[in-house]
Structure formats: structure tokens, C-alpha cells
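The values are calculated or read from the model by the stated rules, or taken from the named source; none is laboratory data. All values reported here derive from a predicted model rather than from experimental measurement. So basically every Cβ, Gly included, is an ideal-geometry build from the backbone, and we count neighbours across all protein chains shown. Heavy atoms of the whole protein, side chains included, go into the accessibility calculation; ligands, DNA and RNA do not. Shrake-Rupley method; radii C 1.70, N 1.55, O 1.52, S 1.80 Å.
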Amino acid sequence: MAIATKLRDKSARARSLRAMGNALYSSGKNNVAITYHDRARKMFTALRNRVELARTLSASTQPLILTGNY
């Protein structure tokens, strides 16, 4: 995430947020994962990147289900 921020690459930053959400989900930290996925979702929406938005929404479903927020 630091490299994407330093480069000021919004798409890379959004992908790193999603990756962080995925890692947090894998660690059982579902509520925090949801926060990262949501931040990535907002960035991909602003960037109008539908493919990455779809990947982010797909990745966010499991943590949402596990916390009862679906």
C-alpha cells in the first residue's frame, strides 16, 4: 500500500486496499476486512473500473456473510 500511495497510483492503491481486506478476512478479522473492501469499492467506483469493482464486490461477500451484514 505504501508504494501505491507514494506513486500516487489510485488504481494500485485500490488494489492494495482490496488485498489488505482479503488478508484480514483470511486472518478472521472480518469487520476490518469489510472496511478495507469498502474503501477499495469506493475508489474503483470513482475510477469507473468495473472489472476491479466486480472483483472487489466478489471478495467482500464472505466477510459480509460471516458478520451477518449481507
Q: Those residues that are open to solvent by less than 80 Å² (accessible area, probe 1.4 Å) and among the aliphatic types (A, V, I, L, M), I need them from the stretch 26-56; list them, please.
A: Val32, Ala33, Ile34, Ala40, Met43, Leu47, Leu53, Ala54
Q: Check Leu7, Leu66 and return the single one that is aliphatic (A, V, I, L, M), surrounded by 11 or more Cβ atoms within 10 Å (Cβ to Cβ) and over 14 Å from the mean Cα position of the chain (by Cα).
A: Leu66
**Q.** Test result for Ala4, touching a helix residue (DSSP H, G or I) at 6+ places or on another chain (Cβ under 8 Å), within 14 Å of Leu57 (Cβ to Cβ) and either among the small types (Gly, Ala, Ser) or not in a helix (DSSP H, G or I) (or both)
**A.** no
(Q) Restricting to the stretch 13-22, name every residue that is of a type outside the set (Lys, Arg) and either modelled with pLDDT under 95 or open to solvent by 30 Å² or more (accessible area, probe 1.4 Å) (or both). (A) Ala19, Met20, Asn22
